[in-house]
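For reference, the structure is listed below as structure tokens.
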Amino acid sequence: MNIKWGRRLAVFFSMLGFIFALGAPVSLAHGNNSLAYSDISAGDGFIKYVLQIDMYDLRAAATPNDPDIGLSTPEVLERFATGSRTEVEQYLLSHTSLYADSLPLEGKLTDLRIIQKENEPQPFAEAVITYPVDRVPKSFFLHYDLVFDSDQWHINYVTVTLGDLKKEAVIVNELKDIQVGGTSLNDTASHFVQLGIGRLLKGIESLLFIMLLLTGCRSLKQSLAATAVFAAAISLSLALTALGITEMPASFTVSILPLSLICAALILLLNLSSFKLLITLAGLFGLMHGFGFAVTLYGLRADDGYFAASWTAFIVGIGAGLVIAAAVWYTAILLLRKIGRSVPALQAAAGLFGLIVFIIKAYA
């Protein structure tokens with residue numbers, strides 16, 4: 001009897017195990033190890049993030065409705081790597097956040113392929129994301145939140161090599177953030193002043209608007225007054241954004257800036273301008289240009305203790321860049337008038353540029 005009962009129990013548990021195996025979710029098919037490996041390094045003008053992650057985990061998270069999710073043949077995996085780049089990019093960028101010197105980075109997926117890691121039975125996906133930067137950062141922050149929704153035991157082994165910043169760490173469900181390095185008040189002030197100057201000098205719409213204002217002025221005193229009002233309006237909108245009082249969508253400012261060129265150029269070309277009107281234009285559109293500059297610091301982290309200092313330094317940098325641009329334009333306009341060149345041609349060119357940019361932005 002004991003032998004019969006033993007055989008019956010063996011058959012019962014075998015059948016039970018078979019039933020569980022049939023009903024088990026495919027997520028168990030890739031084993032108990034949910035792993036990822038992150039290598040973050042600095043390139044020439046960019047930060048490169050190489051993420052190696054369990055292929056099944058990435059497929060289940062990025063393309064959960066894929067009818068072939070339960071298959072792992074080479075053909076299926078290759079089809080995922082070549083045909084699901086958009087979904088993978090959206091998932092990775094929405095569940096990871098990188099900050100360099102407290103500013104958020106915007107990345108782009110540049111490569112996605114299948115790899116086989118040594119001592120790992122399951123296939124891995126290798127995703128390469130690049131983030132443009134102006135310099136190698138002195139502080140770096142990573143927030144990683146991949147896979148944890150479906151697997152709380154997921155582990156990510158991270159290696160950071162960014163110039164002098166070096167760190168190895170492990171990310172788990174209870175610890176999703178990594179901080180490397182830090183900056184001083186002097187470093188922060190210097191960096192954001194330079195950032196402000198660079199942002200102003202790269203803002204073609206703002207540079208052309210300054211030129212239009214100065215072509216409408218008849219004396220050095222008027223030029224200084226118009227420049228001062230424009231700078232004050234920019235500083236005001238930056239301060240309002242920093243304090244969280246108001247914030248303009250980037251899509252709105254992108255359209256308003258070329259419109260400011262069209263409006264100012266038409267007023268000047270039609271001889272409708274007076275000094276009071278120029279001052280009004282400088283103040284009104286200065287606010288709009290300021291909100292455009294504020295986009296640069298959207299998402300600035302306040303955790304490092306230098307939030308106010310960063311905004312203040314950026315405003316100072318914008319002001320310094322504005323002074324440089326105004327001085328160059330004023331000198332150039334004086335020279336053109338002395339040699340008898342047509343200043344209205346500059347005004348028309350600026351207005352035409354604004355019109356072209358506005359049309360491009362409207363239909364982009």
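The values are calculated or read from the model by the stated rules, or taken from the named source; none is laboratory data. Since this is a predicted model, take the numbers as computed values, not measurements. Because the Cβ atoms are built from the backbone with ideal geometry, glycine has one as well, and the counts that use them run over all protein chains shown.
Taking first residues from the stretch 305-327 that are assigned by TED's automatic domain parsing to the domain that holds Leu207 and partners that are crowded, with 21+ Cβ neighbours inside 10 Å and among the polar types (S, T, N, Q), the Cβ contacts under 6 Å between residues at least 6 apart in sequence or on separate chains come to Tyr306/Thr188; Ala309/Thr188; Ser310/Thr188; Ala326/Thr227. Can you tell me how many residues in the stretch 42-87 are β-branched (Val, Ile, Thr) and in contact with a strand residue (DSSP E or B) (Cβ under 6 Å, 6 or more places away or on another chain)? Residues that pass the stated criteria total 3. Scanning the stretch 240-276 for residues that are in a loop (DSSP other than H, G, I, E, B), in contact (Cβ under 8 Å) with a residue 24 or more places away in the chain and under 19 Å from Val229 (Cβ atoms) yields one hit, Ser273. Filtered by the rule that a residue be acidic (Asp, Glu) and out of contact with any Ser or Thr (no Cβ under 7 Å at 6 or more places or on another chain), the stretch 146-180 gives Asp149, Asp164, Glu174, Asp177.
Annotation: of all residues in the stretch 50-77 being more than 29 Å from Leu142 (Cβ to Cβ) and of a type in the set (D, E, K, R), the one that is surrounded by the most Cβ atoms within 10 Å (Cβ to Cβ) is Asp68. Output the residues belonging to the stretch 241-255 that are within 20 Å of Arg301 (Cβ to Cβ), surrounded by 12 or more Cβ atoms within 10 Å (Cβ to Cβ) and small (Gly, Ala, Ser). Across the stretch 241-255, the qualifying residues are Ala242, Ala250.
Is it the case that the stretch 303-324 has a residue that's closer than 21 Å to Met248 by Cβ, out of contact with any helix residue (DSSP H, G or I) (no Cβ under 7 Å at 6 or more places or on another chain), not in a helix (DSSP H, G or I) and not acidic (Asp, Glu)? Taking every residue of the stretch 303-324 in turn, none turns out to be closer than 21 Å to Met248 by Cβ, out of contact with any helix residue (DSSP H, G or I) (no Cβ under 7 Å at 6 or more places or on another chain), not in a helix (DSSP H, G or I) and not acidic (Asp, Glu).
So in the stretch 206-240, with the set limited to residues that are under 30 Å from Ala302 (Cα atoms) and of a type outside the set (A, V, I, L, M, F, W, C), which one is surrounded by the fewest Cβ atoms within 10 Å (Cβ to Cβ)? Out of the qualifying residues, it is Ser235. Out of Asp151, Asp187, Asp134, I need the residue that is in a loop (DSSP other than H, G, I, E, B) and within 18 Å of Leu297 (Cα to Cα). Which one? Residue meeting the stated conditions: Asp134. When the stretch 146-203 is limited to residues that are basic (Lys, Arg) and out of contact with any helix residue (DSSP H, G or I) (no Cβ under 8 Å at 6 or more places or on another chain), the one that is farthest from Met55 (Cα to Cα) turns out to be Lys202. Here Asp101 passes the criteria (1) modelled with pLDDT of 90 or more; (2) over 30 Å from Asp187 (Cα atoms) except the one numbered (2). Being surrounded by fewer than 20 Cβ atoms within 10 Å (Cβ to Cβ) and either farther than 30 Å from Phe285 by Cα or outside the structural domain of Ser260 (by TED's automatic domain parsing) (or both) is a description that does not apply to Leu201.
Against the definition (within 30 Å of Tyr330 (Cα to Cα) and touching a Phe, Trp or Tyr at 6+ places or on another chain (Cβ under 6 Å)), how does Gly203 come out, yes or no? Taking the combined requirement at face value, the residue does not satisfy it.
What do you reckon, is Tyr99 surrounded by fewer than 19 Cβ atoms within 10 Å (Cβ to Cβ), in a strand (DSSP E or B), out of contact with any Pro (no Cβ under 7 Å at 6 or more places or on another chain) and not small (Gly, Ala, Ser)? No; evaluated as a whole, the condition is false for this residue.
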